[in-house]
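Here the structure comes first, spelled out in structure tokens, and everything after it is commentary.
The values are calculated or read from the model by the stated rules, or taken from the named source; none is laboratory data. Bear in mind that the values here come from a model prediction, so they are computed numbers and not experimental data. With ideal geometry, Cβ positions are generated from the backbone for all residues, glycine too; neighbour counts draw on all protein chains shown. Only protein heavy atoms, including side chains, enter the accessible area calculation; ligands, DNA and RNA are left aside. Shrake-Rupley method; radii C 1.70, N 1.55, O 1.52, S 1.80 Å.
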Amino acid sequence: MEKERSFSQSKKVDTAARVIKNSAALFTASLFAKGGGLIVAVLVARYLDPSSLGIYGIVLALALLFEIITPFGQQDVVVRAIARDQSLMFTYWVNASVTTILFALGFGVILASFAHLMSYDERIIMAVYVAAIGLPVAGLYLIAQAVLQGLERMEHLVIAAFIGRVLGLFILWILLVMGVGIWSAFVGRIIFQLTSFLILSWVILQQSKQVGSTPDWRPKVNFCQAILSTAVPFALQRFLTESLARINIIILPMIVALDMVGIFNGADRVSQTSASIIPVVMMSILPVFSRSFKNFKSKSGALISQTLKFLFIVILPFVFIVTAIADKIILLLYGPGYEASVQVLQVIIWSQVFFAADMVMKQSMIANDNERAMVWRSALGTIMSIALTVVLGKMYGLFGISIAIVVASVFVLILDASFVLKYITKIDLAQAAYKPFLCALLSGAVSFSLTKYNLFILLLITATAYIIALLLFKAFSAAEMLIMRQLFYRAWGRIIKIKG
């Protein structure tokens, strides 16, 4: 009995270590990759004008909608399949990449034709053309990411994202200094994705030797068809999820002027930076979820609850702090002229709490092979978002659109959580959320009381208050504290070994 308990505890530590390591790697990679997108917006705002920032937001939203469906949902299939059998890594990489290139070429033509037929402003059309040219590179980069996520070798993504983003931003800066228009932002994006893809491809070739995956560069038609047939619900889901996040800014020009679109995009870029990190981090948990639902389904509810608590502990203090210092953030990033972005940011940032919780629900549905149910609920959420954006936007302008984003995120979470509770497993959402919320609320109150002070002092005191609150409210159970201590001792032991 004692041996079984020790083995079970060791398995928990191994799982926690794997999730933390992969999440940390993907979080860091996202700071370089997605956070770099915020830097692009800052450069555009500083070197150009609010209308250009609006154009960047519109074209980026269109480009991302096509980028996300270019792999046609094969990322999720690749991650799940390789997590279960690593020897198939090379086969999935080659065949998924081939179909991705074909889809990218077709979608590129559609995107460019759409911009031309809509008779957009010349600046928008040029930016759309550049974005369309970059679709094959973007798709291949996403597939390469999925392969390494399936292998749980996410640390390589950090190096690739860092080198690619730095190079892309450097080239963008040169182009802006030279006086090149807004399309230069998408040239920098192509450079970032191409550089990252080449680095990841080299890593995959090295990993194929280690996992015993035989290199075979010949695509197999039947295998491609099998992947695509499985990927259909994932493709729809990714498109709907991206639509839910981007549809507001796409339809915004029909409601407000182009410079107001830039004002909204200024706030939305800050919010989307955090939003884009969450699904990438969640992908590190999908392999663990897949094994859990397959082998230990009775314990899946506890895994979901712990994941929810982890995300709430991370996202809630962030949301409170952003709400408190939104004016400082906007001024620091964009300078004067974007004051109207402050109220928008203070509202839409709260959608990230519900978005984070919903991502856990969605990963649970994917791991349990309930993709189709997930798609239907996301479709309803997108319809709700469009309706709310149009109605509230016309009534209350940018503030109404901000409210629409938050309400739509709550609506989708309710739909997905209801399905998980009814058909998959029992979880206590309130139990996972209430202690992190109380701790974040107290630290948020500290933030609001210190808004007149230096930003560094505010963040330092707020972080200290949050840590103290976590300890006072005992946010972590005794078992979780034990796992964290064991993780610390294991990590420290490795550091000592490396030094030795």
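Place the peptides 359-372, 130-143 in order of packing, highest mean first, counting for every residue the other Cβ atoms within 10 Å and averaging per peptide.
130-143, 359-372
Which loop-located trypsin sites (Lys or Arg not before Pro) does segment 416-456 contain, where loop means any DSSP state but H, G, I, E or B and the Cβ has at most 14 other Cβ atoms within 10 Å?
Details: sites: Lys422, Lys426, Lys452; in loops: Lys426, Lys452.
Those that pass, being in a loop and sparsely packed, are Lys426, Lys452.
Pop out the Kirkwood hydrodynamic radius of segment 134-178 from its pairwise C-alpha distances, inverse of mean 1/r, in Å to one decimal.
Working: mean 1/r = 0.0840 Å⁻¹.
For segment 134-178, inverting the mean 1/r across all distinct Cα pairs yields 11.9 Å.
In nm, to one decimal, how far is the modelled label at Ile163 from the one at Leu331, with both set 7 Å along Cα→Cβ?
Taking the simple label geometry, Ile163 and Leu331 are separated by 4.1 nm.
What is the P(r) of segment 184-252, as percent of Cα-Cα pairs per 10 Å bin from 0?
15, 20, 41, 20, 4, 0
Estimate the FRET efficiency between Met254 and Val232 by the formula 1/(1 + (r/R0)^6), using the beta-carbon distance for r and 22 Å for R0, to the nearest 0.05.
Working: r = 31 Å, r/R0 = 1.40.
Taking R0 as 22 Å, the efficiency between Met254 and Val232 is 0.10.
Under a plain spin-label model, where a point goes 7 Å from the Cα along Cα-to-Cβ, how far apart in nm are Trp217 and Asp49?
5.1
What nm value, rounded to one decimal, do you get for the distance between Leu421 and Asp121 when each label is placed 7 Å out toward the C-beta?
4.6
Net charge around Val375, counting only other residues with Cβ within less than 15 Å of its Cβ (Lys, Arg = +1; Asp, Glu = -1)? Walk me through the intermediate numbers first.
On the way: positive: Arg238, Lys362, Arg372, Arg377; negative: Asp76, Glu242, Asp358, Asp369, Glu371, Asp416.
Charge balance in the 15 Å sphere: -2.
FRET efficiency for Leu460 and Met395, Cβ-Cβ distance as r, R0 = 51 Å, nearest 0.05?
Numbers: r = 41 Å, r/R0 = 0.81.
Between Leu460 and Met395 the formula returns 0.80.
From the phi angles alone, apply the Karplus equation (6.51, -1.76, 1.60; θ = phi - 60°) to segment 250-255 and give each ³J(HN,Hα) in whole Hz, x where the residue is Gly or Pro.
For segment 250-255, the Karplus-derived couplings read 5, 8, 4, x, 7, 10 Hz, x marking Gly and Pro.
What order do Leu471, Leu459 take when sorted by accessible area (1.4 Å probe), most exposed first? Provide the component values of the computation, followed by the final result.
Working: Leu471 120, Leu459 75 Å².
Ranking Leu471, Leu459 by accessible area, largest first, yields Leu471, Leu459.
Once you have the Cα-Cα distance between Leu102 and Asp369, take 0.36 nm times their residue separation minus that, and quote the gain in nm to one decimal.
Working: separation 267, 0.36 × 267 = 96.12 nm, distance 2.68 nm.
Extending this stretch completely gives an extra 93.4 nm.
Output the peptides 240-247, 107-114 sorted from most to least packed, where packing is the average of other Cβ atoms within 10 Å over each peptide's residues. List each step's numbers first, then the result.
Numbers: 240-247: 22.5, 107-114: 16.4.
Sorting 240-247, 107-114 by mean packing, highest first, produces 240-247, 107-114.
Using a Förster radius of 25 Å, what is the FRET efficiency between Gln206 and Leu471 based on their Cβ-Cβ separation? Nearest 0.05, please. Write down the numbers at each step before the final one.
Values: r = 43 Å, r/R0 = 1.72.
Efficiency, from the Cβ-Cβ distance: 0.05.
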